[in-house]
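**Student:** First the structure, which I've put down as structure tokens, then a few questions once you've had a look.
Read the figures in this text as sums done on the coordinates, not as results from a lab. Being a predicted model, the structure only gives us computed values, none of them experimental. Cβ placement follows ideal geometry from the backbone for every residue including glycine, while neighbour counts extend to all protein chains displayed.
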Amino acid sequence: MKVYNKLVRDRIPEIIKSSGKLCKIRILHEDEYVRELRKKYLKN
């Protein structure tokens, strides 16, 4: 299985699962979430 380590929102995991694929999700703690958002912002 490929590993993406991406922030996702809305119903993306549900959409992936409904297409017959597997996905593993994890809900981040607030400090982790802020850190990942900053990384994403600085990347663009």
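**Student:** Could you count how many Lys pairs in the chain have their Cα atoms under 23 Å apart, skipping same-chain pairs fewer than 8 positions apart?
**Tutor:** Within the chain, the lysine pair count is 14.
**Student:** OK, next. Rounded to the nearest 20 Debye, what is the dipole magnitude of segment 1-40 about its Cα centre when Lys and Arg each give +1 and Asp and Glu each give -1 at the C-beta?
**Tutor:** With only Lys, Arg, Asp and Glu charged at Cβ, the dipole is about 240 debye.
**Student:** Can I ask one more? Where does helix 30-43 land angle-wise versus the long Cα axis of the chain, in degrees 0 to 90, nearest 10?
**Tutor:** It is inclined by approximately 80 degrees.
**Student:** Return the Rg/Rh value of the chain, two decimal places, where both radii are evaluated on C-alpha atoms and Rh is the Kirkwood radius.
**Tutor:** Reported Rg/Rh (Cα atoms, Kirkwood Rh): 1.01.
**Student:** Which net charge results for the neighbourhood of K39, defined as the other residues with beta-carbon distances under 12 angstrom from its beta-carbon, given Lys and Arg at +1 and Asp and Glu at -1? Could the numbers behind the result be given before it?
**Tutor:** On the way: positive: K6, R35, R38, K40, K43; negative: E32, E36.
Counting the neighbours of K39, the net charge comes to +3.
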